[in-house]
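Taking it in order: structure first as structure tokens, then the write-up.
The values are calculated or read from the model by the stated rules, or taken from the named source; none is laboratory data. Bear in mind that the values here come from a model prediction, so they are computed numbers and not experimental data. Positions of Cβ are generated from backbone atoms using ideal geometry, with glycine treated the same way; all protein chains shown enter the neighbour counts.
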Amino acid sequence: MPLTSNVFTKPRRNERLDRCLVDDRAHITLRQPPERGEHVTRVHLALLTLLRNPNLGTEVARAEYGPSTAAAVLRFKRERNILNTALHQTVPDNIVGKKTIAALDAEMAKRQLPPGRQPRLRVSPAPFVRLGFQPTVVQQSFVGIDLNDVLGLGQVLATLPLDIFVHFDGGDAASEGQRRRLAEAEFSNKFGTVAYLKTHFLPIGICFVGGRGEKNRAQQAADEVLQLRKSIRQGVTAIVGSSVGGLAALDCARQLSGQVALDYVAISDGAFFAPGEVGFAPFKITVPTTTIAATTKKNFFQTFGHELLRDSRGPGGFMQGTEFHGPLENFTNIDVAAAPGSDLSEQMRAGERNRSLPDFTPGRLRLLKGNADRIHTAAAAQAAGVIEQDKAALFKP
């Protein structure tokens, strides 16, 4: 059934919203640069009508689907428990998809005035007229609401803080540099609670798999953070790098230092490679970190895993392709192997047993490589538990 409400169909139908009702590829999502246009303005009109104090701020004037609009959409969906059952969702997201646009349309159709009836209060459509929106559509779509009050025209709107979390995760060669949209949604849903959204915009996650060279997305993530901070300076900015994502996280933090106030930078058993990122005699991770300015800088690491892979035939006396882990200059360095949890302890004991096997046979090297990978995974998981506690303190109502 097509869209029917005045706000989505008068004085002309909006092709993008019509597609949104039937095509998953036409969903309206939070992205960088922000999605803009008349279709977003029509969603704004619906949210302003159906929600109490939706706090859309200046995004209305820019016809922009930004963090405040996304927070209002999430609130609308939570109040109505709108879920994508095909994806087995258990909590709503902040996307305007098929079910969301249908729900907005149905409720707006019930709210709109019958033809010829005037609203109880005169509506000021000024911000929408500036966008080329027809004032008659605004008049016909509201049941007595004064946009001068709702939009705060002529007064300064108090800006809510916007919290941003950047994460570069570990992964294999096939996933290097990929965007992790599901992780971004999970972050927003986890921390964007009802209590949180009373005092904040919806928190934004910017998540990639770590990569090297042209697959290093540090620049893209930094650009997105800077774009967001141009509009909203208040809020927490945190950057975390896990495993091979450690280098990209440090690159991103360096680019933002001096431009954005960084509250938290953490590396979870960052993986670095020789040559270029690691030096020997003595062993040292040579990635520059002294220019990173942040309130808290933590580096969780262990060296046990790469020490298993000593081989005189490789660079620095280690197997070819070894991932190195270790302390970083100008960070608070936490050696997780000094107080290992049960999983890490078990893997370290297995590594010691395999290291004592005789000869550098291919089978022994495979055993050691497998142990090194499992030690790295266990160390990163142990560090992630501490980082999650830190995040809970950072991203709180």
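Computed values, structure above
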item	result
Qualifying residue in region 61-81 (condition: farther than 19 Å from P203 by Cβ, β-branched (V, I, T) and either in the same structural domain as E107 (by TED's automatic domain parsing) or surrounded by fewer than 16 Cβ atoms within 10 Å (Cβ to Cβ) (or both))	no
Filtered residues of region 220-233 (kept if farther than 19 Å from F187 by Cβ and either outside the structural domain of G171 (by TED's automatic domain parsing) or more than 15 Å from the chain's Cα centre (by Cα) (or both))	K230, S231, R233
Residue within region 168-180 that is of a type outside the set (K, R), out of contact with any His (no Cβ under 7 Å at 6 or more places or on another chain), crowded, with 21+ Cβ neighbours inside 10 Å and in a helix (DSSP H, G or I) present	no
A109 within 21 Å of H200 (Cβ to Cβ) and assigned to a helix (DSSP H, G or I)	no
Residue that is farthest from Y196 (Cα to Cα), among those in region 1-59 that are surrounded by 14 or more Cβ atoms within 10 Å (Cβ to Cβ), among the acidic types (D, E) and more than 24 Å from the chain's Cα centre (by Cα)	D18
Of all residues in region 278-303 being in contact (Cβ under 8 Å) with a residue 40 or more places away in the chain, assigned to a loop (DSSP other than H, G, I, E, B) and touching a helix residue (DSSP H, G or I) at 6+ places or on another chain (Cβ under 7 Å), the one that is farthest from Q320 (Cα to Cα)	I292
Of the criteria (1) out of contact with any Gly (no Cβ under 9 Å at 6 or more places or on another chain); (2) farther than 15 Å from I232 by Cβ, which one A63 fails	(1)
Region 192-224, residues that are of a type in the set (V, I, T) and at pLDDT 95 or above	V209
Tabulated pairs, region 374-397, first without any contact (Cβ under 8 Å) to a residue 24 or more places away in the chain, second β-branched (V, I, T) and surrounded by 15 or more Cβ atoms within 10 Å (Cβ to Cβ), C-beta under 7 angstrom, 6+ apart or interchain	none
Members of region 182-211 found to be surrounded by fewer than 15 Cβ atoms within 10 Å (Cβ to Cβ) and in contact with a helix residue (DSSP H, G or I) (Cβ under 8 Å, 6 or more places away or on another chain), listed by number	V194
Selection count where residues are at pLDDT below 95 and not in a helix (DSSP H, G or I), scope region 225-242	4
Search result, residues across region 23-33 that are at pLDDT below 90 and touching a Leu at 6+ places or on another chain (Cβ under 9 Å)	Q32
Hits in region 81-97 (condition: at pLDDT below 95 and not in a loop (DSSP other than H, G, I, E, B))	T85, A86, L87
Subset tally (residues that are touching a helix residue (DSSP H, G or I) at 6+ places or on another chain (Cβ under 8 Å), under 20 Å from M108 (Cα atoms) and either modelled with pLDDT under 90 or assigned to a loop (DSSP other than H, G, I, E, B) (or both)) for region 48-80	9
Qualifying position, being charged (D, E, K, R) and in contact (Cβ under 8 Å) with a residue 12 or more places away in the chain, among R19, R75, R12	R75
